[in-house]
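All remarks here apply to the structure that follows.
The values are calculated or read from the model by the stated rules, or taken from the named source; none is laboratory data. Note that the structure is a prediction, hence the values are computed from the model and not measured. Neighbour counts run over all protein chains shown; Cβ positions are idealised from the backbone, glycine included. When the accessible area is computed, the model is the full protein with side chains, heavy atoms only, and any ligands, DNA or RNA have been set aside. Shrake-Rupley method; radii C 1.70, N 1.55, O 1.52, S 1.80 Å.
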Amino acid sequence: MFLNELLLKDFRNYLEINFSPDQGINIITGPNAQGKTNLLEAIFISGMGFSFRLKDKDVVRWGSEQSILKSSYQLDGFTVDVHIQVKFDGFKKILINGTENDRKNLPGHYGIILFRPEDLHIIKGPPSQRRDFIDYDIGSINPVYRKLIQQYKRIILHRNNLLRRGGYRQDEFKIWNEEFYRYGAEVLYRRIKLLKNYFPLVRDIYAVIAGKNEILDMKYLSSAKISGSTSIDQIINDFIIEGKSREKEEIYKKQTLFGPHRDDITFLLNNKDIRNFGSQGQVRSVVLALKAAQMELFKRQSGQNPIMLLDDVLMELDENRQNYLIKLISGNNQAFITTTEIPKTISRHVDRIYFINRGTIEERGHTSLRNVPNLREE
Amino acid sequence: MQYAGAVSRLIGELARLPGIGSKTAQRLAFFLLSEPPETAEKLASAIREARERVRRCSVCGNLTDLDPCRICTDEGRDKGIICLVQDPRDVAAVEKYRGFKGVYHVLHGVLSPLAGIGPEKLNIKNLLTRLEGGKVREVIVATNPDVEGDATALYLARLIKPLGVTVTRIAHGLPVGAHLEYADEITLGKAMEGRREI
């Protein structure tokens, strides 16, 4: 999948720009606070329909009524035109090939992968960050899974509400229990299946990045005792047993105490928990492996090469890791990389360089590479 | 903006209606005030009359100006089949299809602990009274296919089945006239699960 063209109007600090990137590696450079990340955000929204920053309505340029994002993707040899309007009150309208459509049908779901410094939280943050990464980033390729997560979370909300208020009828509670077990088991079953495809890819990629002496292992930690995950019915039975043994505690604490919404994943490096024992560099390498494996998984499942958005992560990696990442991408992927400096290691793989300054965008050919060090003086 | 007391009260009351925001409420209010007085009076009396005369049918719970309602007293309808819906709008929706010759039962909501709705707030007691006679053969549960609608369907099935009544759930799947290529994966999955031999 490729982004061929992007037109922005009143988007963040951009008044109006027209951007026609290369199908290979596009470097977006320029001094700080000039709009580099804003451009990545625009690409992300045009493909996914929502922002990776806090509120969608914040993208409307100060004082404007609305932002317009027009983009043109190439998917399997077909052109997909996307037109997105974001009103200042957050209202969004999405047109795909000229007709109004839902954001879940946007081309980005075939694979837009975002990699940014905050991704370290996948390892270092609370369990919810790891679950969200699995459910929304890795699981996003499967619409059935996405919908399932949404339904499951709603059931948990209902069940927690019953527990909080108390005074419910037993027959009513039983129904929400049954829904909780049924949906929870299906989420867990599908999640484990997903991870069985994903974990080995992460492990292999990590071995390439870090060498054979470091063995990465990932373990799924279930909040319920699970005898196995070969079938949904088996998990339902385990949940029924768990539910009975924890019923009193749940009533006392007034919330649902087990289920896939309370599970976690640990990352072990040579059998030691990386959160406690890993160096900053090791954590970065694991995150890099997670993203590279995500790319590989998307490629296998959708047959499309995902678009990579790398926001300020290049300079955080050492030369070896920069090399690995660039080699991985430069095969068939289109990539957008924001950076204040272009490391020498990657300059020969770069296809196009864009210079961003105060909301304007200017293409600089390959030859202008030598100008780049001047950036810092501006 | 501030308006004379009566005007802002009218706008306020209109804005309480579903689907009406403050802008639309203003438009409606000024329309009513700029038209001849009869327009507003007709509307007011229509609202008053409807509110006074329309009530819930004591049998099925649907909104009606006759009790029992026209559907419940219709001799041509099969009282042995009850279609269970969540609100009166759904009766109108199923009626449009014209092929259904049974009767209805309106729940006036679905189970939703989040909204504080438990079984005691739904029109279930009347349903059980109707089923007691033993004349009802089948209950078709036609609540919406979402989390709350499904939970409600499951709850009612548990309640009704022991009475010896067949409980069915309406099928979920592709709308008629829809093209397969435009169907989303979830709907398509449901349609596959519910396939039939031809």
_Rg [Å, one decimal], Dmax [Å, integer] - the protein assembly as shown, C-alpha atoms_ = 29.3, 90
*What whole-number value in Å² describes the accessible area per residue of the range B:75-197 for a 1.4 Å probe?*
57 Å²
_Computed [θ] at 222 nm, helices only, for chain A once each DSSP H run of length n ≥ 4 contributes -39500 (n - 2.57)_ = -13000 deg cm²/dmol
*asked:* Mean-square fluctuation check for chain A, GNM, Cα pairs under 10 Å: which of A:Thr256, A:Thr338, A:Thr230 is largest?
replied: A:Thr230
*Förster radius 22 Å - calculated FRET efficiency between A:Asn18 and A:Asn97, Cβ distance, rounded to 0.05*: 0.65
*asked:* Loop-only trypsin sites (Lys or Arg not before Pro) in the range B:93-198, please: DSSP not H, G, I, E or B, and at most 15 other Cβ atoms within 10 Å.
replied: B:Arg98, B:Lys101, B:Lys135, B:Arg137, B:Arg195, B:Arg196
*Stretch A:Lys299-A:Glu65 to full length: gain in nm at 0.36 nm per residue minus the Cα-Cα span?*
80.4 nm
*Derived scalar couplings ³J(HN,Hα) [the range A:240-250; Karplus, 6.51 cos²θ - 1.76 cosθ + 1.60; whole Hz; x for Gly, Pro]*: 4, 5, 4, x, 5, 6, 10, 4, 4, 5, 5
*Which value, in Å², gives the accessible area per residue of chain A when a 1.4 Å probe is used on the protein heavy atoms?*
47 Å²
*Can you list the residues, at least 5 places off or on another chain, whose amide H is less than 5 Å from the amide H of B:Thr168, using H built in the peptide plane?*
B:Val139, B:Ile140, B:Val141
*Identify the trypsin sites (Lys or Arg not before Pro) of the range A:243-301 meeting these criteria: DSSP loop state and at most 15 other C-beta atoms within 10 Å of the C-beta.*
A:Lys254
*How large is ³J(HN,Hα), in whole Hz, for each residue of the range A:52-63 in order, when computed from phi with the Karplus curve 6.51 cos²θ - 1.76 cosθ + 1.60 and θ = phi - 60°, using x for Gly and Pro?*
8, 9, 4, 10, 4, 5, 5, 6, 5, 4, 3, x
*Quote the charge dipole size of the protein assembly as shown about the Cα centre in Debye, to the nearest 20; the model charges only the Cβ of Lys and Arg (+1) and of Asp and Glu (-1).*
1220 debye
*Long-range HN-HN contacts of A:Val60 with modeled amide H, under 5 Å*: A:Arg12
*Using the structure shown, list the pairs from A:Lys174/B:Lys161; A:Lys196/A:Lys225; A:Lys55/B:Lys23; A:Lys196/A:Lys244; B:Lys79/B:Lys125 with a Cα-Cα distance above 27 Å, or answer none.*
A:Lys196/A:Lys244
*Pick out which of B:Ala171, B:Ala157, B:Ala115 has the largest mean-square fluctuation in a Gaussian network model of chain B, springs linking Cα atoms closer than 10 Å.*
B:Ala115
*How many nm is it between the label spots at A:Glu214 and A:Ser245, if each spot is 7 Å from the Cα in line with the beta carbon?*
3.7 nm
_the range B:1-39: trypsin sites (Lys or Arg not before Pro) in DSSP coil with no more than 12 other Cβ atoms inside 10 Å_ = B:Arg16
*Percent accessible area from carbon and sulfur atoms, the protein assembly as shown, protein chains only, probe 1.4 Å*: 51 percent
*Between the alpha-carbon centers of the range A:1-49 and the range A:151-183, tell me the distance in whole angstrom.*
44 Å
*Between B:Asp67 and A:His349, what is the spin-label point distance in nm, taking each point 7 Å from the Cα along the Cα→C-beta axis?*
7.7 nm
*Can you give me the Cα centroid spacing of the range A:287-313 and the range B:50-86 in angstrom?*
58 Å
*A:Asp81/B:Val165 FRET efficiency (R0 51 Å; Cβ-Cβ; nearest 0.05)*: 0.45
*When only C-alpha pairs under 8 Å and at least 6 residues apart count, what is the relative contact order of chain A, in percent?*
25 percent
*List, in order, the whole-Hz ³J(HN,Hα) value for each residue of the range A:103-116 obtained from phi through the Karplus relation with A = 6.51, B = -1.76, C = 1.60 and θ = phi - 60°; use x for Gly and Pro.*
5, 5, 9, 5, x, x, 5, 7, x, 10, 10, 9, 9, 9
*Once fully extended, how much extra length lies between A:Glu118 and A:Asn271, figured as 0.36 nm per residue of separation less the alpha-carbon to alpha-carbon distance?*
52.6 nm
*Between B:Tyr3 and B:Val54, what FRET efficiency follows from the Cβ-Cβ distance if R0 is 30 Å, with the result rounded to 0.05?*
0.45
_Spin-label pair A:Lys254/B:Asp184, simplified geometry with 7 Å Cα→Cβ offset, distance in nm_ = 3.4 nm
